[in-house]
Every structure is written in structure tokens, then in C-alpha cells.
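Working notes, structure below.
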Amino acid sequence: MNTKLSKIMKDMTPTYTFKLPLSKKTVKYRPFLVKEERILAEAQSNKNPTVKDEYTMLHKIISNCTDLEDIESLMLCELELVFLKLRSKSMGNKVSIPHTPEGEEDSIMLDIDLDTVEISGEVPDNRILIDDKIGLRVSPPTLSTLLAVDSKTSASDMKNNFTEVLNIIENSIKEIFTEDEIIDTEELSSKDLRTFVENLPTSAMEKITKYFDDIPALKQEVTYKAGNKTKTVTLQGLDSFI
């Protein structure tokens, strides 16, 4: 490309930096350009996007707009926070989100400042004991975890689809250990790992579920008026803010 034109393009694109709270990586980023707007428009034209569709779109945009390397290894909450930062600088930090108060039929609009949305929670202990002799080492879901799952489920339905939840769990188990040995799950076939997970006692599944419930997430408490009452709702996850 013409050197002068390249300089003009660089000069007209501002850059910003911020530090991710969990991985402690410093991110340099720029707002969306026309090419990212096109990616967003194409994603929005898909009326029934799967989880894989949504996070593939995030991967493309974050790859374009930041200097992050190895994006696939980021925890999902940090990936989502990066996207909110990009969205804020590109399209404005103020958004209005529809919300239907409990017990009501009509929805109201909640005003959110994206710059105030933060990651809440700490990464829980990654060792989950099945019994006194057997345990698992797990890791929080990352972008690579979701992209490895050939899911046909939408993000809003993911938590209610038991099969898809099992897929995420399987891809998050890194080791199975006993008193005598450690088995790296990368050495296991997907069939063997699925059989192992399906044969876990329900008490172990409850511990695993709690681990995933305790994983850090984008969260924001929002106060609003409902008639003469002041109420508070907690919004969680990227889909709650866009």
C-alpha cells in the first residue's frame, strides 16, 4: 500500500490500552472500522446464531482490533470484556437494554454505561475431588473450549441443554488423578472421556456445576424504578449488555 496512504490511515485511527483483571495482560486496541462493522452486520443477519457462530465472530473482531496474541486461551469473561471495551469506544458507552421485571408482562429499558461493567468473582480452586482417592483438574472455559464444541445451540439456550453442558465440561477437564497416577485427558479419546463423565456420581457433578457457577463473569447491578418501588437486577454475561 502507498506509504502516505498508510500513514493517513494510521493517524485517523486512535488507540487505547487497558489491563485485563485476571490474566494481567495489557491490551492495546482500536475502535471498529468499516470491516468490523461488516462482520457485525453479517452476524446480526443470522437470526439463530449458535454459540460457535457468536464466539467465532468475537474472535475475528478481537483479532482485528487488538494486539492480543493467543486469544483462544483467554477466559471467556475476559474475551467478553475486551469486546465491551471495543463496543464502547466504537459505538458509544451508553446502551439501553430491555428488561421484564419479575411478575410483570411489560418490559422496561435499563440504561447501562458499558465502561462501568466489570468482571466479578475469583477463579475457584481447579481441583475437584470425586472421592478420597480420585479427582479432576479442570480449567475455566476459554474461547478454544467453545470453538472445540460443535454446538448447534444458541448462547441463550446453552445452560438449559444438558448435552451441550456435558460437552463444555468434557472440554474443560484437563487431568484425572488418583493416589497413584495422573491421566492427561488429551491422551484419551472423546468417546472414553464422555463415558467417564457419564459415569461420574451425581455428587461429583454437583461440585463441577458449582465450579462453573463460581467462575468469574461480567456482572453489573442495575437499579431501576418499577412504579413506586426501587428494584435491583443483576445482569450477567455478554448477552445481557449488547
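The values are calculated or read from the model by the stated rules, or taken from the named source; none is laboratory data. Not measured: the values here are computed from a predicted model. With ligands, DNA and RNA removed, areas are computed over all heavy atoms of the protein, side chains included. Shrake-Rupley method; radii C 1.70, N 1.55, O 1.52, S 1.80 Å.
Entry for the range 1-126 at q = 0.09, 0.10, 0.13, 0.14 Å⁻¹: log10 I(q)/I(0) = -0.34, -0.41, -0.68, -0.77, Debye formula applied to identical alpha-carbon scatterers, no solvent contribution. Treating each Cα of the range 59-149 as an identical point scatterer and summing with the Debye formula, the log10 of I(q)/I(0) at q = 0.17 Å⁻¹ comes to -0.92.
Carbon and sulfur together cover what percent of the accessible area of the range 15-166 at a 1.4 Å probe radius?
Carbon with sulfur: 46 percent of the solvent-accessible area.
Ligands, DNA and RNA excluded, the heavy atoms of Asp67 present near 80 Å² of accessible surface to a 1.4 Å solvent probe.
For the chain, what's the relative contact order in percent, using C-alpha pairs closer than 8 Å and at least 6 residues apart?
Over the chain, the number comes to 19 percent.
Each 5 Å bin from 0 upward holds the following percent of the Cα-Cα pairs of the range 180-242: 4, 12, 12, 14, 14, 11, 10, 9, 6, 5, 3, 2, 0. Hull volume per residue, based on the alpha-carbon atoms of the range 96-153 and their convex hull, is 220 Å³. Note on Arg87: accessible area is roughly 40 Å² with a 1.4 Å probe, heavy atoms of protein only. Among Lys47/Lys219; Lys60/Lys191; Lys28/Lys231, which pairs are too far apart, with a Cα-Cα distance over 28 Å? Pairs exceeding 28 Å: Lys60/Lys191; Lys28/Lys231. Averaged over its residues, the range 16-83 has an accessible area of 52 Å² per residue, based on protein heavy atoms and a 1.4 Å probe. Of the residues Thr15, Thr142, the one with the largest accessible area comes first in the ranking Thr15, Thr142, computed with a 1.4 Å probe on protein heavy atoms.
Given the choices (1) 19.8; (2) 20.3; (3) 18.7, Kirkwood radius over Cα pairs in Å derived from the coordinates of this structure is entry (2).
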